[in-house]
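Asks: There's a structure below that I have some questions on.
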Amino acid sequence: MDVPFWNREIETADRSRLETIQLERLRETLSWALKTPFYQKQLRQAKISSADDIRSLADLRKIPFTTKDDLRLNFPRGLLAVDMKDVVRIHSSSGTTGIPTVIYYSKEDINNWADLMARSIFATGASSADVFQNMMTYGMFTGGLGMHYGAERVGMAVIPIGGGNTKRQIKTMKDFRTTVVHVTPSYLLHVHTKLEEFDIKREELALKKAFTGAEPHSEDVRKKIEQLWNIDAYNSYGLSELNGPGVAFECVYKNDMHLWEDGYIVEIIDPDTGEPVRDGDSGEVVLTNLIRRATPMLRYRTRDLAYLHTDPCPCGRTHRRLSRIMGRTDDMLIINGINLFPSQIEEVVMRIPEVATNYIIQVEKRGDLDHLTVKVEIYPKLFLGDPSQLEALKGRITEELRSAIILHPSVELHEPNSLPVSEGKAKRVIDLRPKE
Ligand code: AMP
Ligand code: ZN
């Protein structure tokens, strides 16, 4: 297989070289962090007063974790390390609680980020020959502009269409002969269901690749996307606190995402104890940003659950691979005392061939008990056949779910495009239980 490199030297650097870079950048980041009111206090409590207190990568563990709440409580300038005149971009997210978080970027920060983005894009085999339709929301969300800058750096022809307006998306793909899209997996599946309605055949489009990210999705969802569209789909991971997309990305081998270790230090911890897990075990991803000055970020608890592969990738890159995100520490549902991650449901339903592209998980109280309903869209031809087949299918899905998640859900079968769909991140869980 042809393995393209944006920066072969760094991407294949041996571990000791990577660790040397990490330590140097960590110390530099720490000295920037010490300019912010938040980290001054945080680090003083940990008895760290200068970069000299960090002499090896093992010393990283002396630094306390940073959480989303820390960012909220220190809004808007508690983590700002440079003068406002050196800030060239601000991204902010409002989140569910309404208290925003903010990230500032200097010119150099944007430059570093664009470089990791370009590296990520290049690793998939995309190049300046591609026409790139960026279907992620622009604006304050980092998925739009973050990917945009990297794609321009690669030299792709970038169409900054942003999210939504399915008809326009499809028409644009056709008119400009788009070859690569960046999109949430759920929206890309949705767009496929609309091709027929807008009278456009797949063969009229030139699409070859998709970068899918911003929300959890299983390997079966990837397969579904690849089969329906006849393209290659590459998983893309990032979060605004750590710049945005470009933290980890799949290479041409598509066997999970190289996490760019010259830009970030990754730790996997037990979310309950904060202690590191054993090599290769899953836990919460903790990230330190090594390439940003305006908003330094040390040991950020992402709440994302994943593991690191311990074996090397055939592409020759030395940066370790992060698994798919298996869920978040905060998206776990507790249903009648049983812990359930939405991803467990996705894994079951997306494996079933009759299931189309969308599903919803609903939880409500019935009397004293919680009740779980899984609503799935299935292909329309099934509604035309014998109703007893529908019943049998429902029974099969219920049984597969029951054996995977212990709970006994109700299953509802719906026609395609009848369940709500989001143009940004998918909202799969509707929890109607009264809040305590
Ligand atoms: P935001 O800060 O709005 O960009 O959201 C970042 C969050 O989106 C991450 O912490 C993950 O929970 C989720 N996310 C981003 N990319 C992926 C991905 N490829 N797979 C699963 N979840 C993702
Ligand atoms: Zn690789």
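Asks: Any idea which of (1) under 24 Å from ALA13 (Cα atoms); (2) surrounded by fewer than 23 Cβ atoms within 10 Å (Cβ to Cβ); (3) in contact with a helix residue (DSSP H, G or I) (Cβ under 8 Å, 6 or more places away or on another chain) is the one GLY238 doesn't satisfy?
Replies: Failed condition: (2).
Asks: For the condition among the charged types (D, E, K, R), within 16 Å of ligand 1 (Cβ to nearest atom) and open to solvent by 10 Å² or more (accessible area, probe 1.4 Å), what is the one hit in LYS223, LYS201, LYS171, LYS167? I'd like the intermediate steps shown before the answer.
Replies: Details: LYS201 fails: within 16 Å of ligand 1 (Cβ to nearest atom); LYS171 fails: within 16 Å of ligand 1 (Cβ to nearest atom); LYS167 fails: within 16 Å of ligand 1 (Cβ to nearest atom).
Just a single option satisfies the conditions, and that option is LYS223.
Asks: For the stretch 357-377, does any single residue satisfy the condition of being open to solvent by 40 Å² or more (accessible area, probe 1.4 Å), outside any strand (DSSP E or B), away from ligand 2 (no atom under 16 Å from the Cβ) and within 23 Å of ASP220 (Cβ to Cβ)?
Replies: The answer is no; no qualifying residue exists.
Asks: What is the number of the single condition among (1) aliphatic (A, V, I, L, M); (2) open to solvent by 40 Å² or more (accessible area, probe 1.4 Å); (3) touching a Leu at 6+ places or on another chain (Cβ under 9 Å) that LEU384 does not meet?
Replies: (3)
Asks: Hey, among ALA129, ALA46, ALA58, ALA51, which residue is surrounded by 15 or more Cβ atoms within 10 Å (Cβ to Cβ) and among the small types (Gly, Ala, Ser)?
Replies: Details: ALA129 fails: surrounded by 15 or more Cβ atoms within 10 Å (Cβ to Cβ); ALA46 fails: surrounded by 15 or more Cβ atoms within 10 Å (Cβ to Cβ); ALA58 fails: surrounded by 15 or more Cβ atoms within 10 Å (Cβ to Cβ).
Matching residue, one of ALA129, ALA46, ALA58, ALA51: ALA51.
Per-residue answers, yes or no, for (1) surrounded by 17 or more Cβ atoms within 10 Å (Cβ to Cβ); (2) within 13 Å of ligand 1 (Cβ to nearest atom):
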site	(1), (2)
ASN255	no, no
LEU259	yes, yes
LEU290	yes, no
LEU298	yes, no
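Asks: Also, I was wondering about something else. Looking at HIS190 and the list (1) over 14 Å from the mean Cα position of the chain (by Cα); (2) assigned to a strand (DSSP E or B), which single condition is not satisfied?
Replies: The failed condition is (2).
Asks: Can you report the number of residues in the stretch 223-253 which are out of contact with any Asp or Glu (no Cβ under 7 Å at 6 or more places or on another chain) and within 16 Å of ligand 2 (Cβ to nearest atom)? Even if it seems obvious, please write down each step before you answer.
Replies: Initial filter on the stretch 223-253 (out of contact with any Asp or Glu (no Cβ under 7 Å at 6 or more places or on another chain)): 223-225, 227-231, 236-249, 251-253.
Right, trim to within 16 Å of ligand 2 (Cβ to nearest atom) and you get 236-237, 246-249, 251-253.
Of the residues in that region, 9 qualify.
Asks: In the stretch 302-312, is there at least one residue being in a loop (DSSP other than H, G, I, E, B), surrounded by fewer than 21 Cβ atoms within 10 Å (Cβ to Cβ), within 16 Å of ligand 2 (Cβ to nearest atom) and touching a residue at least 12 places away in the same chain (Cβ under 8 Å)? Full working, then the answer.
Replies: Taking the stretch 302-312 as the starting set, the residues that turn out to be in a loop (DSSP other than H, G, I, E, B) are 307, 309-312.
Applying the additional criterion that residues be surrounded by fewer than 21 Cβ atoms within 10 Å (Cβ to Cβ) yields 307, 309-312.
Applying the additional criterion that residues be within 16 Å of ligand 2 (Cβ to nearest atom) yields 309-312.
Narrowing further to those that are touching a residue at least 12 places away in the same chain (Cβ under 8 Å): 309-310.
Checking the stretch 302-312: at least one residue is in a loop (DSSP other than H, G, I, E, B), surrounded by fewer than 21 Cβ atoms within 10 Å (Cβ to Cβ), within 16 Å of ligand 2 (Cβ to nearest atom) and touching a residue at least 12 places away in the same chain (Cβ under 8 Å).
Asks: Before we move on, is ILE406 open to solvent by 80 Å² or more (accessible area, probe 1.4 Å) and of a type in the set (A, V, I, L, M)?
Replies: Yes.
Asks: Of all residues in the stretch 264-279, which are more than 16 Å from ligand 1 (Cβ to nearest atom) and buried (at least 21 other Cβ atoms within 10 Å of the Cβ)?
Replies: Within the stretch 264-279, the first condition is being more than 16 Å from ligand 1 (Cβ to nearest atom), and the residues that meet it are 265, 270, 272-279.
Answer for the stretch 264-279, where residues must be more than 16 Å from ligand 1 (Cβ to nearest atom) and buried (at least 21 other Cβ atoms within 10 Å of the Cβ): just ILE265.
Asks: Taking the residues in the stretch 178-212 that are small (Gly, Ala, Ser) and in contact with a Lys or Arg (Cβ under 9 Å, 6 or more places away or on another chain) as candidates, determine which candidate is modelled with the highest pLDDT. Step through it out loud before you land on a result.
Replies: Step one: filter the stretch 178-212 for residues small (Gly, Ala, Ser), giving 186, 206, 210.
Add one more test, that the residue is in contact with a Lys or Arg (Cβ under 9 Å, 6 or more places away or on another chain), and what stays is 186, 206.
On the way: SER186: 91, ALA206: 98.
Ranking the candidates gives ALA206 first.
Asks: Determine whether SER418 is in a loop (DSSP other than H, G, I, E, B), modelled with pLDDT of 90 or more and among the hydroxyl-bearing types (Ser, Thr, Tyr).
Replies: Yes.
The values are calculated or read from the model by the stated rules, or taken from the named source; none is laboratory data. Quantities reported herein were computed from a predicted structural model and do not represent experimental measurements. Virtual Cβ from ideal backbone geometry, glycine too; neighbours counted across all protein chains shown. Protein only, heavy atoms only, side chains kept; ligands, DNA and RNA dropped before computing areas. Shrake-Rupley method; radii C 1.70, N 1.55, O 1.52, S 1.80 Å.
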